[in-house]
Structures are given as structure tokens and as C-alpha cells.
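Asker: Structure in C-alpha cells, see below.
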Amino acid sequence: MGKWKLWSSVVVMAFCAWGCGMAETRVIQPKPPDGAKEVQASGETRSLDAEVKTFLRDEFTIVSARYFQPASEIPWISISKSVQNQMAEKSFKRTMFEWYEPGLDFVEVYPQEKNRGAFALAIPKESRLDSVRLIGFYVLSAPSAAK
């Protein structure tokens with residue numbers, strides 16, 4: 001009986017630890033723009049990843065990323081506003097970092113306090129305002145949560 005209690009305690013602790021680890025990367029994400037097609041990683045997506053990492057300044061780390069190519073007639077501001085509205089429906093607000101420069105930085109971060117994770121939306125800096133060719137949907141974690 002003593003061994004059984006010990007074994008069941010170990011199993012319960014393992015499930016708790018497993019569940020806690022999963023919560024760190026479970027981040028609510030908005031849906032991509034209608035008609036956007038998912039694209040695979042490439043040189044352009046790696047460049048976007050580097051821009052996002054530089055923008056985040058160690059406040060968050062990238063856990064995963066998905067990339068989309070929206071229709072060319074959908075401007076960045078429409079995509080941004082759609083994401084903002086979807087996240088607001090779930091009570092998540094965009095954070096404004098002190099280093100954010102409107103018109104120069106195209107990364108938006110939506111922290112999710114319960115699990116210290118966040119969602120980020122980004123486009124490459126060199127994108128023209130009248131045609132967006134690539135957008136990135138990022139799952140982020142706080143550096144301390146990743147350890």
C-alpha cells in the first residue's frame with residue numbers, strides 16, 4: 001500500500017507539471033484575414049522573425065510562428081484593426097512599449113497575463129502600405145516562463 005501511495009503521488013505531480021508547462025505556450029490567437037493563404041518558412045519569413053525579435057527587446061521570446069499572405073487589396077491597417085477587434089472580444093489589449101514608433105514599427109503585441117504568454121502580429125518593415133504580402137502570427141512567452 002505504501003508503494004502505491006508513493007507511485008500515485010508521483011503520477012499526480014507529473015500531470016500537474018505537464019499541465020503547467022502546456023499553459024505557458026497556450027495563447028489565444030485571432031483568425032487570419034479571410035482569403036489569406038498560409039505560407040511556409042522562407043528567407044522573407046526569417047527576416048520578419050529577426051525584426052520581431054529585435055522589436056521585442058527580450059520582453060518576450062518567440063515560441064512559434066505562422067505566416068500568411070493576404071489578398072493584396074487588404075491593407076495593413078485593416079488587418080491590424082481586425083486583429084485588435086478579435087483580441088478585444090476576448091479582453092486582450094495591445095501593449096504599447098515605450099520604444100514603439102508608429103509608422104516605423106509594424107509589430108503589435110497582445111499579452112495574456114494568466115500564462116505570461118502573448119500573441120503578436122507583424123509585417124516586414126519594407127512592406128508598402130498599399131499592399132501587404134506577408135503577415136506573421138506569433139506565439140510568444142515571457143523569458144522567465146520559457147525557463
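The values are calculated or read from the model by the stated rules, or taken from the named source; none is laboratory data. Bear in mind the structure is a predicted one, so any value in this text is a computation, not a measurement. Cβ sites come from the backbone with ideal geometry, for glycine too, and all protein chains shown count toward neighbours.
Asker: Determine which single condition residue 59 fails, assuming it passes every other condition in (1) crowded, with 17+ Cβ neighbours inside 10 Å; (2) in contact with a helix residue (DSSP H, G or I) (Cβ under 9 Å, 6 or more places away or on another chain); (3) not hydroxyl-bearing (Ser, Thr, Tyr).
Answerer: That leaves (1) as the condition not met.
Asker: Quick check on my filter: what residues within segment 57-78 are closer than 12 Å to residue 33 by Cα, within 15 Å of the chain's Cα centre (by Cα) and among the hydrophobic types (A, V, I, L, M, F, W, C)?
Answerer: 68
Asker: Yes or no: segment 95-103 includes at least one residue that is without any contact (Cβ under 8 Å) to a residue 24 or more places away in the chain, surrounded by 15 or more Cβ atoms within 10 Å (Cβ to Cβ) and of a type outside the set (Phe, Trp, Tyr).
Answerer: no
Asker: Turning to a different aspect of this structure: Go through the residues of segment 25-32 one by one and say whether even a single one is at pLDDT below 95, outside any strand (DSSP E or B), over 16 Å from the mean Cα position of the chain (by Cα) and surrounded by 15 or more Cβ atoms within 10 Å (Cβ to Cβ).
Answerer: no
Asker: Among the numbered conditions (1) under 13 Å from residue 27 (Cβ atoms); (2) at pLDDT 90 or above; (3) of a type outside the set (S, T, N, Q), tell me where residue 113 comes up short.
Answerer: Among (1) under 13 Å from residue 27 (Cβ atoms); (2) at pLDDT 90 or above; (3) of a type outside the set (S, T, N, Q), the lone unmet condition for residue 113 is (2).
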